[in-house]
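Notes follow the structure.
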Amino acid sequence: MEKKYWKGVEELNNSPEFTRLRDNEFFENLPIDEVLQNKASSTSSTSRRDFLKFLGFGVAAASLAACEAPVKKAIPYVVKPEEITYGVPDYYASAFFDGNDYCSVLVKTREGRPIKIEGNELSSVTKGGTNARVQASVLSLYDSARLTTPLSSKKKATWSEVDAAITSKLAQSAASGKKIVILSSTLPSPTTKKIITEFSSKYPTTEHIVYDAVSYYGLLKGNELSFGKSMIPSYRFDNAEVIVSFAADYLATWLSPIEFARQYAITRKLRDGKKNMSRHIQFESTLSLTGSNADNRYKLKPSQLSSAVANLYNKIAAVTGGASVSSSATPQDKAIEKVAQELLNAKGKSLVVSGSNDPNEQVLVNAINHLLGNYNTTINLNQECNLRASNDAAVIELMSKMNAGEVGTIIFWNTNPIYSLPNSKDFQSALAKVGTKVSFSDREDETAQYCDYVAPEHHYLESWNDLEPYKGYYNLVQPTIRPLFNTRQPQESLMKWAAMPQADYYAYLEENWKSNVYALQTGITSGHAFWTQSLRNGVFEVAVTAPSAPAFTGNVQDAASKITKPGTGVELVAYEKTGIANGAHANNPWLQEFPDPISKVCWDNYFAILPSYAAKMGYKQGNVIEVKVGNTSVKGPVLLQPAMADETIAIAVGYGRTKVGKAGNNVGVNAYPLVTIANAAMKYYSAATVSKTIEDDYPLAATQTHHTMMGREIVKETTLSAWLKDAKAGNPEEMIETPYGKKKVEDVDLWASQKNPGFDRPNHSWGLGIDLNACIGCGACVVACNAENNVAVVGKDEVMRSREMHWIRIDRYYSSDVTKENASEKGLGKLDMYGEMEKPAAENPDVVFQPVMCQHCNSAPCETVCPVVATTHSSEGLNMMAYNRCVGTRYCANNCPYKVRRFNWFEYTNNDKFPYTMTDNLGKMVLNPDVVVRSRGVMEKCSMCVQRIQYGKLEAKKAGRRPLDGEINTACAQSCPTNALVFGDYNDPQSEVNKLAVDGRSYHLLAEIKVKPGVFYQTKVRNKEEGKEA
Amino acid sequence: MGSRISLCYFWRREKRLLLSEMSKINLIPQTSKQSNMLRYVPRYLSFTLLAFILNVITLSPSIAQPNGEALFKQNCTSCHVVGDNKVVGPGLKNVHKKQSDEWLLKWIKNSQAFIKSGDPDAVKIYEEFNKIAMPAFALKEDEIKSIIAYIKTESDKAPVIAPGTTDAGTGAAVESKETSPLVYLLVLVLIIGLYAILNRVQKGLERVVRQRDGEAEPIVLKGKTRTKHWIREHKKLIAILLIVGMVYGSVKGWDALAGIGISQGYQPDQPIKFSHKLHAGTNKIDCRYCHSGAEKAKNANIPSANVCMNCHKYVQSGPKYGTEEISKIYKAIDFDPAKGVYGTNQKPIQWIRIHNLPDLAYFNHSQHVKVGKVECQTCHGPVQEMEQVQQFSPLTMGWCINCHRNTEVKMEGNGYYTKLHTDLLKKYGPQAKLTVDKIGGLECARCHY
């Protein structure tokens, strides 16, 4: 019998009323007759003719009004600064440090406003590299969430009011013997430290406590236990032949990632006759950016990592004669044995690092490095790193002091403990017992909202400062724009409050440099000349202090007994994402929309879980789960992340901010509460309990939803040993089936023939080479491109519809267990094979990154299908896009084999639906005036920074010479911390790009379709152990 | 009845014949052209002769002796006026009465040497003008004399005549070249009048014929019926008129639409009545002195007020508006001319932008001025003759492209082009004109990105 479903009880009863309603679609009568019979309307003075007349007049008036061009004004300077030429950028050397990343930068300004950050090649630390966060920092300057005036009790106030009030409060605190606490992030500025010292002498009860959102206390303390001094040494990854990292994400977030990425890339590149590569082995629980670049990657649960370090120590100590320690077994002990052997083989040329915040684990790491003799080569204890100085113990102690009412005044400087402390609720209640609370925050953030006074600080591009990232490395920070708002540097505020005689911080800084820093050198003989040269160069470096083997005084037995023992059950680990990091820049839309290099998810954080473990637990992607650590629980969506350790859940900190601004508020969940405090140090992993909630699935916006290459050779790969035997290993000649048998790709052409050899490139022929061996997938290029080319931010909703506008994306692929070769062995049919190939390898897939932008095909499929000839080819090899010709058919995007064309589905400027960079007047100031802002309905794509090419060519023409190789560079290539991208002219026989193009590793993406791209890639070479294929 | 028809028919045929005859004339352009040319020759002849004679008259004195006026404007106007007011140096009205020609000669040739020689008058003037030295002029004696002669004649005319008033004649001359719409109207009225007269004559004749034949007067139709009949009888005429009207309308409409956004001839009133004619024309100040960006950057830039002050700190009064316009610069830069000091209350001058290239087009001045060695006037027109600047060129893409098709690239002497030049000559032949389009000057991404 057929089943019948009723729409409702009414249908079941089948009442006459129901039948009547069912049969009438519009069950209420439309009031047509009433309208027509309305006397008022028929006798209305506006007849149909009148209406048409008005309409006609309206249209005519509107079109007439439109014809008249609005009067535009040209307002020149009254007195033009000498260095400004309209239309010509000025560059100023400065430095970026936000308490997290250090980078020596050049700031590009146009008509007095900073629009782009570029690396400063004079710095021997960062060597011209940048990362996504540094690139995005220029946008934070134009953040409308910034405070425009100081606040007093949450109300706008003047500086004199605030100064007077705070000075009296400080005096009160000092007089009553109560503490004045400056709670700041790490401040590696010698002059700032001097100011704090002078402030302390004025107010003797002052205590300066350093608190970083993500702590390196374990590293500092570990070194103190090992060598008697709380410090961080400098690392030289470029000197290391074997690098072993225990969950230190040194290419993305750990300590000084730009510097380390550059060093690391030197050991990875196979250029200019270099035939050796470093070995990189990573032990970790999450899949970090660093881990994804490793030659061998071993998965361990977070609690097993410390024991793995101890086991490695034992293996090495057994050979080198160190004392052995007691340790627990881990699942990777076999691998550890092999790694130990490799390290021993590379004694003195290896490096072991750990990302743990446990001082005892760091003692063991130091012991390993010490036994291996690395303190002479890859680690320099004499070259102290000043980039992290956080003191977890002091922060915890501070809370008890606050609770005891000992603190009279607290000053927050670049810290936001209410947001970033795990026990922020306790901190909040302790804060209530502090007499006066002052914040230097540039916005009314989570902590500033509880402060009595907010003395907002400048953006770093408005500030004077100096930095000493490493002992002897100085970098000046200079303003590149007048302060946009009524803000003031914290240093200057402290000077005012301490009634110091100097007029401002600038005067103080200059004085300090002219007297103290000047004395460190001998070359320049006048303080003024030294100051101006240092300002011009940005950096001033004293000769490097040579490393020396220190005396290791650590107690390894004690350390080994205190490390975490492998636990059972689910563990949660909190980590930093490459884009948002510790969350300080959460209101930066470029960083929010920047897809995470690994998960490709933007605008969110999530609980990353290994797919097989998730399947076991019954979680699917997007399910909302609740993770409980101790008494704190956090709800968030599940992301299936291949290559995670089993029984491990990872979540990124830096999200879930509530008082940061329009773009960043309530994006993701705050994971800091899941951090725990153990032995007076922050602990970023703990045992957890997980439960599935009944909440609706939470959609995540990912820019890449497929994970494998499906058996196609998109990223070509080989191993070092294979490559040494054959320069074209992994990159065999592409052959095409023709009626005359198999032929080489270049021998087959639809268009060109002997008579018609195609287009010539009489002048330039631009090209871009991408070394996949050097590309670490960090995404600096993505944000640099955003800044250079006015790429719109579209928001999570649009990204979910695959409408992101990034001109360059970084594809990330996982290796699959199933290949075309082994499918039949596994008994898979063709369909099943493809189904299985879609799945990343279950256990530990290899990861590859590939930046993809417009390939500037010389036989471009997009060009031939445009009905209005909006996209054409230039005689310099560029695929050009004329936005004003484009009518938006999107045929070109359909026909693009690389899917690099982006369509403007909406007007992203002045549109309240997209409240990001181009909607408020402030945000628009970051736009590059040399690049058009695209409008709705047109296609756009990578132009290979044609504005930079044109600019460089013109400079050469004006000077009457050819452009030098490297003089013209694209934004992506320039920002790259590893120099993986090389831009140049194929017509210049001496150019770097030409040399790379003829290398055996070079290949074109999808060469078999013969679109002859102008961009080429170079095979990724892995330094795998012998016998194991890539 | 029959004759009426025949007459009408005849008239119509006449008309048709007339039309066909006309078209025949049009079909033989050569003869008509020749005849036209022949007709014009005498006129041209007379015109050329006139021009020649005029030339001889105007040029002959300049060959014989230096032009005092021109020399004065070239050398002296930046610091002196023929008047009573001081500019940088003293007003020169009646200077010939104050000093002898000999004294003036010595002073103008080398005032510093003259002062050193200890002439009391010379020293006195030098002291009076705060020891601002007048530069030495390498002028010949007769040239200086011609300048003095010019000062003499100018001094006798009082007051100073503003230069703007002298161009009254040119405007009329320009107008006479084009036939004014009044003439067309007159012709139209004449034709209509003629038609009306002929129509009446014809009707009168018809009536006479009818009376002679004893026919009855035809029924005269009135009002709408008459119009309807007329329309019915003139279908072809109406059709032709309609077609002509539509074609005319379309052409005009198309032109109007194509002209949207083109502001050729745009000549707004500027906040300061700055005369390019005076500065670039009379005083021959190089364009790039003020528009210094033209050789360096994308923008030629409107000079900031401090550039104006390089001269106008001293030149405090202009020949046409006196101090009125120059004081606006002082107001902007907050300069007190009496004390010669700057204040802090500066307000930028809000010029009206004349050349508004749309955002979608990238134009770089230095590419054209420095590399392409294009004269400013090529695009901006005779700015040195413009009292008030106007947009000379249409600034349309077609205009850009035409120029790129016709202009040869200045490759010689520029190291950037050396190899390209030889390569292109190989490709296009040694005599080839290497225009901008041959090196990719028409490609989209040269201007649009």
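FYI, it's all coordinate maths here, none of it is from the lab. From a predicted model like this one, the values you see are computed outputs, not experimental measurements. In this analysis, Cβ positions are derived from the backbone assuming ideal geometry, glycine residues included, and neighbour counts consider all displayed protein chains.
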Taking the Cα centre of the protein assembly as shown as origin, sum charge times position over the Cβ atoms of Lys and Arg (+1) and Asp and Glu (-1), and report the length of that vector in debye to the nearest 20. 5000 debye
Measure up A:K178/A:K433; A:K108/B:K298; A:K127/A:K899; A:K600/A:K941; A:K116/A:K899 against 22 Å on the Cα-Cα distance and list the ones that go over. A:K127/A:K899; A:K116/A:K899
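Which order results if A:F607, A:F237, A:F552, A:F530 are arranged by neighbouring Cβ count within 10 Å, fewest first?
Listed from fewest to most nearby Cβ atoms, that is A:F552, A:F530, A:F237, A:F607.
Let me know the charge dipole size of the stretch B:68-161 about its Cα centre in debye, to the nearest 20, where only the beta-carbon of Lys, Arg (+1) and Asp, Glu (-1) is charged.
Computed charge dipole of the stretch B:68-161: roughly 140 debye.
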Treating cross-link reach as a plain straight distance, find the lysines whose alpha-carbon is under 18 Å from the alpha-carbon of A:K514, omitting any fewer than eight places away in the same chain. A:K193, A:K194
Could you pull out the pairs from A:K620/A:K692; A:K155/A:K437; A:K635/A:K659; A:K154/A:K179 whose alpha carbons sit more than 18 Å apart here? A:K635/A:K659; A:K154/A:K179
Rounded to whole Hz, the Karplus (6.51, -1.76, 1.60) HN-Hα couplings of the stretch B:99-110, x for glycine and proline: 10, 6, 4, 4, 4, 5, 4, 4, 4, 5, 5, 7
Check the straight Cα-Cα distances from B:K370 and name the aspartates and glutamates below 18 Å, setting aside those fewer than 8 residues away within the same chain. A:E955, B:D286, B:E295, B:E408, B:E412
Using the Karplus curve 6.51 cos²θ - 1.76 cosθ + 1.60 with θ = phi - 60°, work out ³J(HN,Hα) for each residue of the stretch A:976-984 in order, rounded to whole Hz, and write x for Gly and Pro. 5, x, 10, 6, 6, 9, 10, 10, x
With A:K1010 itself left out, Lys, Arg at +1 and Asp, Glu at -1 over residues whose Cβ is under 12 Å from its Cβ give -2
Part-to-part distance (alpha-carbon centres) for the stretch A:150-196 and the stretch A:616-642, which is given in Å: 42 Å
Need one number: % antiparallel among DSSP beta bridges in chain A, to the nearest 5. 60 percent
Tell me, what are the semi-axes, in whole angstrom and largest first, of the equivalent ellipsoid of chain A as set by the roots of 5 times the Cα gyration tensor eigenvalues? 45, 40, 35
Exposure proxy check on A:L372, A:L183: fewest-to-most Cβ neighbours within 10 Å is A:L183, A:L372
Net charge of neighbours whose Cβ lies under 11 Å from the Cβ of A:Y891, counting Lys and Arg as +1 and Asp and Glu as -1: +1
Summed residue charge, Cβ within 15 Å of A:Y102's Cβ, Lys/Arg positive, Asp/Glu negative: -3
Non-local amide H neighbours of A:I736 (under 5 Å, H modeled in plane, Pro and chain starts lacking H): which ones? A:K743, A:K744, A:V745
Fewest to most neighbouring Cβ within 10 Å: what's the order for A:V715, A:V88? A:V88, A:V715
Over the stretch A:219-385, what is the mean sequence separation of C-alpha contacts under 8 Å (at least six apart), divided by residue count, expressed as relative contact order in percent? 33 percent
Sequence-distant residues sharing a close amide H with A:W254 (under 5 Å, placed H): A:D249
Can you give me the long-range amide H partners of A:S816? Hydrogens built in the peptide plane at 1.01 Å from N, cutoff under 5 Å, separation of 5 or more residues or another chain. A:A841
May I ask you to evaluate 6.51 cos²θ - 1.76 cosθ + 1.60, the Karplus curve with θ = phi - 60°, for each residue of the stretch A:345-358 and list the ³J(HN,Hα) values in order in whole Hz, giving x for glycine and proline? 5, 10, 4, x, 10, 10, 8, 10, 10, 9, x, 6, 9, 9
Pairs to check: A:K401/A:K565; B:K277/B:K347; A:K229/A:K301; B:K252/B:K277. Give those whose C-alpha atoms are more than 28 Å from each other in this structure. A:K401/A:K565; A:K229/A:K301; B:K252/B:K277
I need to check one value: relative contact order of the stretch A:568-702, counting alpha carbon pairs closer than 8 Å and at least 6 residues apart, in percent. 37 percent
Under 17 Å Cα to Cα from B:K273, which lysines show up? Leave out anything in the same chain fewer than 8 places away. A:K73, B:K320, B:K328, B:K331
